[in-house]
Every structure is written in C-alpha cells, then in structure tokens.
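A quick write-up on the structure given underneath.
The values are calculated or read from the model by the stated rules, or taken from the named source; none is laboratory data. Values in this document were obtained by computation on a predicted structure and should not be read as measured data. Neighbour counts run over all protein chains shown; Cβ positions are idealised from the backbone, glycine included. These area figures cover heavy atoms from the full protein model, side chains too; ligands, DNA and RNA do not enter into them. Shrake-Rupley method; radii C 1.70, N 1.55, O 1.52, S 1.80 Å.
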Amino acid sequence: MLDEARLDAVPALVKLLDTDPTVPVIRALSVYREKARPGLERLVTLMEDRDRPSEVRWNAVRTIAKMHAEGAPAVPALIPLIKDEELTVREHAAEPVGDPGGLA
C-alpha cells in the first residue's frame, strides 16, 4: 500500500514525462499502478511515438497495463500496437488487451 507522502511523487513524475520521458521515469511511475492515472494521456503518446526507442514505448504500455481499470481508456490506442513492427511493443500491447483481468 502506498502512503500519501509517496503519492505526492505522481504529479512530479507525470511532469517529468514531458521533459525526460526515459525508461527510469516511466518505470518509477509504474510503481503507482492505478494512482498513475494522471499520466495516462502522456503514456499513450509515448507508446504511439515510433520515433521513440522501443524500450520507451513498451515500458509506456507496461505502465498502462499496471493501471488495470484506470488504464482502460487506452485500449483503442493499444489495439493497433498488437501489429507494431517491434516485437516487445506487440507483446506488451497484446497482454493487457487479451487478458480478461488486464485493463478491465
């Protein structure tokens, strides 16, 4: 269970996604699971950006999947990624879409 003091990090991490969208920032946000919802829109942008390294893209997908129901609005954006040219992006996009407990 995350205490309230640690939840204060979510807005700072979401802001960092705008200036420093690196794997460590994305993975740090993933720890907050459902509470990371404020970063959903930015994570969707990162996962769709084919100019980003695949590691950034699949970590954005992974973080969205960890949000469970809070990440469900991203499903329409995840579906096309199941056919992405990058294997890791395809794999991480397919998991939450195909898993009944994923983003439901």
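Per this entry, Thr63 is not counted among residues that are among the hydroxyl-bearing types (Ser, Thr, Tyr), in contact with a helix residue (DSSP H, G or I) (Cβ under 9 Å, 6 or more places away or on another chain) and modelled with pLDDT under 95. Here Arg52 fulfils each of the conditions (1) within 15 Å of Ser30 (Cβ to Cβ); (2) at pLDDT 90 or above; (3) of a type in the set (D, E, K, R) apart from (1).
Considering region 1-11, and only residues there that are open to solvent by 60 Å² or more (accessible area, probe 1.4 Å) and part of a helix (DSSP H, G or I), the residue that is modelled with the lowest pLDDT turns out to be Ala5.
Scanning region 46-94 for residues that are crowded, with 21+ Cβ neighbours inside 10 Å and either of a type in the set (S, T, N, Q) or not in a helix (DSSP H, G or I) (or both) returns Asn59, Thr63, Met67, Asp84. Does Ala12 meet the test of being aliphatic (A, V, I, L, M) and closer than 24 Å to Gly98 by Cβ? Against the criterion (aliphatic (A, V, I, L, M) and closer than 24 Å to Gly98 by Cβ), Ala12 does not qualify. For region 16-32, filtered to residues that are open to solvent by 80 Å² or more (accessible area, probe 1.4 Å) and modelled with pLDDT under 95, the residue that is farthest from Val75 (Cα to Cα) is Thr19. Would you confirm, using the coordinates I've provided, whether Glu41 is open to solvent by 60 Å² or more (accessible area, probe 1.4 Å) and outside any helix (DSSP H, G or I)? No: the conditions fail for Glu41. A Cβ distance below 8 Å, combined with a sequence gap of six or more or placement on separate chains, defines the contacts here; from region 86-99, residues that are over 17 Å from Gly71 (Cα atoms) and at pLDDT 90 or above reach residues that are acidic (Asp, Glu) and part of a helix (DSSP H, G or I) in the pairs Thr88/Glu55.
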